[in-house]
Amino acid sequence: MSQQFWKPGSEKPRILEDEEGGVVFFGPPLSSAASSSSRFGYASIGSQRQRLPVYKYRTAILYLVETHATTIIVGETGSGKTTQIPQYLKEAGWADGGRVIACTQPRRLAVQTVASRVAEEMDVKLGEEVGYTIRFEDVTNPAATMIKFLTDGVLLREIMNDPLLTKYSVIMVDEAHERSISTDILLGLLKKIQRRRPELRLIISSATIEAKSMSDFFQTSKKHRGPEDHEFVPRKVPAILSVEGRGFNVHIHYVVEPVSDYVQATVSTVLSIHEQEPAGDILVFLTGQDDIDTAIRLLTEEAHASRKISSGLIVLPLYSSLPRADQDLVFSPTPRGKRKVVISTNIAETSLTLEGVVYVVDSGFSKQQFYNPISDIENLVVAPISKASARQRAGRAGRVRPGKCYRLYTEEYFVNEMSSVGIPEMQRSKLVSCVIQLKALGIDNILGFDWPASPPPEAMIRALEVLYSLGVLDDDAKLTSPVGFQAAEIPLDPMISKMILSSNQLGCSDEIITIAAILSIQSIWVSGRGVQKELDEAKLRFAAAEGDHVTFLNVYKGFLQSGKSSQWCHKNYMNYQAMKKVIEIREQLRRTALRLGIVLKSCEGDMLAVRKAVTAGFFANASRLEAFSHNGMYKTVRGSQEVYIHPSSVLFRVNPKWVIYHSLVSTDRQYMRNVMTVDPSWLTEAAPHFFQHQRTPDSIVH
Ligand code: CDP
Ligand code: MG
């Protein structure tokens with residue numbers, strides 16, 4: 001290591017050592033490190049940066065990173081961890097000699113916004129010294145980028161091509177408390193990489209973290225001590241640094257009686273804050289785009305009804321798939337005399353900071369993935385948040401001055417019923433993608449992998465079984481060649497990858513890649529509420545008897561024929577932004593396919609080929625209409641779960657006997673989204689082994 005930030009003899013940061021636990025803990029510094037500011041940094045915008053709580057710890061952070069293999073940094077949201085620490089590292093020389101500082105985030109939107117913020121602070125063009133990479137979007141310049149923000153999923157993919165991540169000098173795994181699947185896999189892999197690369201530094205940072213358990217995880221066992229002849233070996237025992245913030249008090253209000261409709265309750269709470277409370281922006285936590293759109297519509301209606309209200313309110317949504325221009329509105333300062341209301345998913349819980357928020361309205365819910373390995377059903381459901389999340393949400397109100405948080409649940413519920421922390425995503429998700437990635441990285445004993453939290457064995461077995469039936473894994477649970485290796489190369493769910501690979505033999509890769517691109521975005525239609533009738537009519541213009549997948553092809557063709565026109569989208573109730581994204585993703589997939597030796601070929605209208613390719617990937621999602629069902633009830637072939645066709649599908653109310661679906665959503669019932677008719681004989685043909693122990697489709701065909 002060439003650069004040494006802290007030198008013995010110079011002012012040494014205060015260290016409190018706990019020799020027994022082996023943990024180094026830093027208290028707040030005795031004197032401000034401001035004296036070092038002149039040597040580093042960008043003086044012109046420096047003052048804003050220097051006001052952030054993390055600035056006082058600049059010396060300490062650089063010292064710890066220099067001397068420890070792993071540093072764990074805990075600090076409240078908004079203290080400057082994400083935007084400042086990578087800059088400190090760069091200023092101290094960690095990006096010299098072509099090396100790169102990486103900072104991972106679980107969320108794509110957070111990656112984009114923090115990268116552009118840091119580029120702005122450093123006064124450089126985004127994509128040069130400071131860049132970002134998310135799936136399907138790479139805004140970096142390998143010759144120039146020194147600080148790179150990326151999703152943890154993208155970094156995992158990079159490990160496939162560069163197993164030791166050699167270009168990075170420091171990797172900051174940010175928002176580690178969220179415990180996303182990718183973060184957990186990444187932590188396990190980074191721990192392995194660190195043994196081979198003692199010079200690599202890790203920073204694990206988050207708003208709330210069980211620092212001690214994370215530290216225990218990274219505490220390398222004795223037999224793995226680094227090479228003794230190494231000139232300078234950093235300490236293996238992780239350091240823990242706690243950044244003390246300057247949050248203001250937040251007064252918590254609970255509802256007296258449980259609310260029955262949290263969207264409605266949100267709207268009335270926002271209105272009463274606006275009427276009764278002094279100036280200050282409002283941040284509302286709902287669960288997803290649908291909730292948020294409803295709340296915005298209701299708020300706008302009420303505001304229109306009362307002129308007094310409408311004059312002062314600016315209501316804005318915030319969720320991951322929000323178009324760029326709308327994101328910018330959320331982060332721009334509130335005009336004088338106005339009150340901004342940002343209605344957000346839990347993305348604003350810790351990943352993004354909004355200035356000026358004084359009031360928080362917390363619905364108590366968020367959308368979470370749940371997986372049942374017995375029925376093999378994975379669902380994104382609206383579920384209660386944990387106490388830890390509730391505290392984070394409340395904290396968002398105390399950034400600029402004392403604030404208020406309105407919880408739309410009772411105090412009794414908070415105290416007695418809310419769980420204290422959330423369950424790591426790893427323990428409530430389908431593990432198919434996770435397993436294929438680890439296999440591709442050469443990790444064979446997946447159950448024996450060093451996980452921060454072990455995945456449930458049943459879920460692991462299910463994943464192995466599905467991958468085996470897809471022909472991705474062989475009898476020894478190794479990736480098959482070429483299908484397994486190719487599927488691992490495609491950055492999508494293995495079922496989609498298999499569909500793409502099969503389309504090559506079936507001669508319909510051109511069509512299947514379009515379908516894959518459309519399936520990987522949330523919806524190509526404009527949000528339905530209020531325009532439901534018009535939307536249904538628009539859909540009819542494209543509807544295909546074979547179902548949604550073939551309908552997508554009609555839509556895509558129409559869009560191309562219109563010259564990719566936004567008016568055309570508007571007229572057909574299609575989301576123009578989403579269609580532009582489809583074109584982008586499709587182009588990426590085309591390139592990936594080409595790399596795998598798949599040359600795009602059109603089946604020229606032979607929908608049988610298209611449907612067989614879809615079946616080759618999605619046979620496991622087959623279901624059959626119940627014989628005497630009058631309400632369109634289906635049972636899944638695997639697991640016999642009761643499911644229904646989603647109202648958004650072109651096959652809603654058509655109810656063909658056999659269908660396969662792309663995904664399930666659960667509201668009042670389990671709904672199949674994106675549904676296609678299928679001939680049951682194709683299922684056994686596609687995966688004879690998989691259907692062996694089921695009610696075999698053929699035996700129940702009438
Ligand atoms: O990561 P952490 O939550 O500790 O803080 P951060 O994301 O680094 O944000 C530090 C400060 O930068 C916040 O207080 C915001 O005021 C500001 N910031 C901003 O104004 N615009 C952004 N897009 C990101 C951060
Ligand atoms: Mg952050």
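No value in this document is a laboratory result; all are computed from the given coordinates. Predicted model only: the values in this text are computed from it and were never measured. Cβ placement follows ideal geometry from the backbone for every residue including glycine, while neighbour counts extend to all protein chains displayed.
Give the cross-link partners of Lys56 among the lysines, using a straight C-alpha distance below 26 Å as the criterion and excluding same-chain residues fewer than 8 apart.
Leaving aside lysines fewer than 8 places away in the same chain, those within reach of Lys56 are Lys7, Lys12, Lys81, Lys90, Lys148, Lys212, Lys236.
Roughly speaking, what is the stretch gain from Leu594 to Asp474, that is 0.36 nm per residue apart minus the C-alpha to C-alpha distance, in nm to one decimal?
Result for the pair: 40.7 nm of gain on full extension.
Using helices alone, what [θ] at 222 nm do you get for the chain, with -39,500 (n - 2.57) per DSSP H run of 4 or more residues, divided over all residues and rounded to the nearest 500?
After summing the helix terms and dividing by the residues of the chain, the value is -11000 deg cm²/dmol.
P(r) tail for the range 501-572, what percent of Cα pairs lie past 13 Å?
Cα-Cα pairs of the range 501-572 separated by over 13 Å account for 70 percent.
Given H placed on each backbone N at 1.01 Å, which residues far from Ser562 in sequence or on other chains put an amide H within less than 5 Å of it?
none
Lone cysteines in the chain, defined as no other cysteine's Cβ under 4.7 Å from theirs: which are they?
Among the cysteines of the chain, those whose Cβ sits 4.7 Å or more from every other are Cys103, Cys405, Cys434, Cys569.
As a test of the definition: which semi-axes, in Å, follow for the chain when you take the square root of five times each eigenvalue of its alpha carbon gyration tensor? Largest first, please.
In descending order the semi-axes read 43, 33, 24 Å.
Given Thr151, Ala95, Ser169, which one lies farthest toward the positive end of the charge dipole of the range 75-183, if we put +1 on the Cβ of every Lys and Arg and -1 on the Cβ of every Asp and Glu?
Farthest along the dipole direction, towards plus: Thr151.
Which number do you get for Rg(Cα) / (2.2 N^0.38 Å) in the range 377-531?
1.43
If Lys and Arg each add +1 and Asp and Glu each add -1, what is the summed charge of the other residues whose beta carbon sits under 13 Å from the beta carbon of Thr334?
Taking every other residue near Thr334 into account, the sum is +2.
Is the range 243-342 best put as rounded, prolate or oblate by its Cα gyration tensor, with a ≥ b ≥ c the root eigenvalues, rounded for a/c under 1.5, and otherwise prolate when a/b is larger than b/c, oblate when not?
Cα axes put the range 243-342 in the rounded bin.
Would you work out if the range 588-693 is rounded, prolate or oblate? Take a ≥ b ≥ c from the square roots of the eigenvalues of the alpha-carbon gyration tensor; rounded if a/c is under 1.5, else prolate when a/b is larger than b/c, oblate otherwise.
Here the range 588-693 falls in the prolate category.
For the modelled label position 7 Å from the Cα of Lys580 along Cα-to-Cβ, which residues of the range 513-535 have backbone nitrogen atoms closer than 18 Å?
518, 521-527
Using 7 Å Cα-to-Cβ label points, what is the Phe248/Leu441 separation (nm, one decimal)?
Placing both labels 7 Å beyond Cα along the Cβ direction yields 4.4 nm.
Lys and Arg at +1, Asp and Glu at -1: add these up for the other residues within a Cβ distance under 15 Å of Gly448 and post the number.
Surrounding charge for Gly448 is +1.
By per-residue mean of other Cβ atoms within 10 Å, what is the highest-first order of 292-299, 438-445?
By packing density, highest mean first, the sequence is 292-299, 438-445.
Just to compare against my own numbers: the Cα pair-distance distribution for the range 250-425, 5 Å bins, whole % per bin, please.
Histogram of Cα-Cα distances, whole percents per bin: 1, 8, 17, 22, 21, 15, 8, 4, 2, 1, 0, 0.
With r defined as the distance between the Cβ atoms of Asp261 and Glu587 and R0 fixed at 45 Å, what FRET efficiency is calculated, to the nearest 0.05?
The computed FRET efficiency comes out at 0.60.
Subtract the Cα-Cα distance of Lys387 and Ser272 from 0.36 nm times their separation in residues, and report this length gain in nm to one decimal.
Result for the pair: 38.9 nm of gain on full extension.
Which values of log₁₀ I(q)/I(0), to two decimal places, follow from the Debye formula for the range 265-304 at q = 0.14, 0.20, 0.28, 0.29 Å⁻¹ with a uniform point scatterer at every Cα?
Debye output, listed in q order: -0.31, -0.62, -1.06, -1.10.
When the chain is fully extended, how far beyond the present Cα-Cα distance does Arg196 get from Asp162, taking 0.36 nm per residue of separation?
10.9 nm
Can you sort Cys103, Cys603, Cys405 from fewest to most other Cβ atoms within 10 Å of each residue's own Cβ?
Ordered from fewest to most neighbouring Cβ atoms within 10 Å, Cys103, Cys603, Cys405 come out as Cys603, Cys405, Cys103.
Sorted from fewest to most neighbouring beta carbons within 10 Å, what does the list Arg195, Arg49, Arg591 look like?
Final ranking by Cβ density, sparse to dense: Arg591, Arg195, Arg49.
Grab the beta carbon distance between His689 and Asn372, set R0 = 25 Å, and tell me the FRET efficiency rounded to 0.05.
Rounded to the nearest 0.05, the efficiency is 0.65.
So what's the range 430-487 giving for Cα Rg divided by 2.2 N^0.38 Å, two decimals?
My calculation over the Cα atoms of the range 430-487 gives 1.03.
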